[in-house]
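The values are calculated or read from the model by the stated rules, or taken from the named source; none is laboratory data. Predicted model only: the values in this text are computed from it and were never measured. Every residue, glycine as well, gets a Cβ built from its backbone with ideal geometry; the counts of neighbours run over all protein chains shown. What goes into the accessible areas is simple: the full protein's heavy atoms, side chains included, and nothing from ligands, DNA or RNA. Shrake-Rupley method; radii C 1.70, N 1.55, O 1.52, S 1.80 Å.
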Amino acid sequence: KRKRGVDQGHVALRFRHEFASGFILNAGYRFATAKEIYDSIEAGFLDADNRTLNMWAFKLPEKFQSHQLQADLAGKFRTGFLRHTLLIGTELLRTTLDGKGFGDFSVGTMDIFNPRNAFATPNFSLFTDGERRTHALDFFMQDQVKVFEPLTLVVGARFDLVNRKAHDRMSGSTTGLEDTEVTPRVGL
């Protein structure tokens, strides 16, 4: 038996501008939100008799929000005999997931060889309550340089910074992770 309810929405905005020099600016913003309730009775574990299945019940309400901003500038130009196609950009992401978990780990049993779907009304108790926040910031740059036909040199790099924090409201503890990475790109 499963019930699932999801209310969600999002809005997206896009912007594009072409400069007289031929460079093009693309930018966008996206906001998304969702509320979900997952309500389920599920199989737990099988007893030693290999026929009695213990059933569990869960109710998992969650709220999610996301903000995403992206912008890049691309264009072509020359330096002497070299022809460049340059791309520079950034992305910013912020998400929040807030959820609770309620469970009843003894709503009944089922004989797997003679199944029935009559279980006790769940007596839910809170087993998890927390929030996770993620922030990510990225910068990237790439230059494709036409050296001569058909040879093209590609040089670029991407810088990523990710910060994630999880707060457990039941224990009062907060854990975090922060990571940075530079990814170079070179090709011929």
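Name every residue in the range 97-110 that is open to solvent by 50 Å² or more (accessible area, probe 1.4 Å) and out of contact with any Phe, Trp or Tyr (no Cβ under 6 Å at 6 or more places or on another chain), in order of residue number.
Hits for the range 97-110 are Lys100, Ser106, Thr109.
Looking at Val155, Val107, which one is assigned to a strand (DSSP E or B), among the β-branched types (Val, Ile, Thr) and closer than 30 Å to Ala48 by Cα? It would help to see each step written out before you state the result.
On the way: Val155 fails: closer than 30 Å to Ala48 by Cα.
One residue alone meets the criteria, Val107.
Each row is one residue, and each column tells you yes or no for (1) in a strand (DSSP E or B); (2) open to solvent by 40 Å² or more (accessible area, probe 1.4 Å); (3) acidic (Asp, Glu).
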| site | (1), (2), (3) |
| --- | --- |
| Thr95 | yes, no, no |
| Arg132 | yes, yes, no |
| Ala136 | yes, no, no |
| Met141 | yes, yes, no |
| Val162 | yes, yes, no |
| Lys165 | yes, yes, no |
| Ser171 | no, yes, no |
| Leu177 | yes, yes, no |
| Pro184 | yes, yes, no |
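Just to check your reading of the model, which residue among His67, His17 is at pLDDT 95 or above, assigned to a strand (DSSP E or B), open to solvent by 60 Å² or more (accessible area, probe 1.4 Å) and under 17 Å from Asp98 (Cα atoms)? Please lay out each step first, then the result.
Numbers: His17 fails: under 17 Å from Asp98 (Cα atoms).
Being at pLDDT 95 or above, assigned to a strand (DSSP E or B), open to solvent by 60 Å² or more (accessible area, probe 1.4 Å) and under 17 Å from Asp98 (Cα atoms) holds for just one of His67, His17, which is His67.
Tell me which residues, restricted to the range 111-164, are over 24 Å from the mean Cα position of the chain (by Cα), without any contact (Cβ under 8 Å) to a residue 60 or more places away in the chain and within 30 Å of Asp47 (Cα to Cα).
Asn114, Pro115, Arg116, Ala118, Ala120, Thr121, Asn123, Ser125, Leu126
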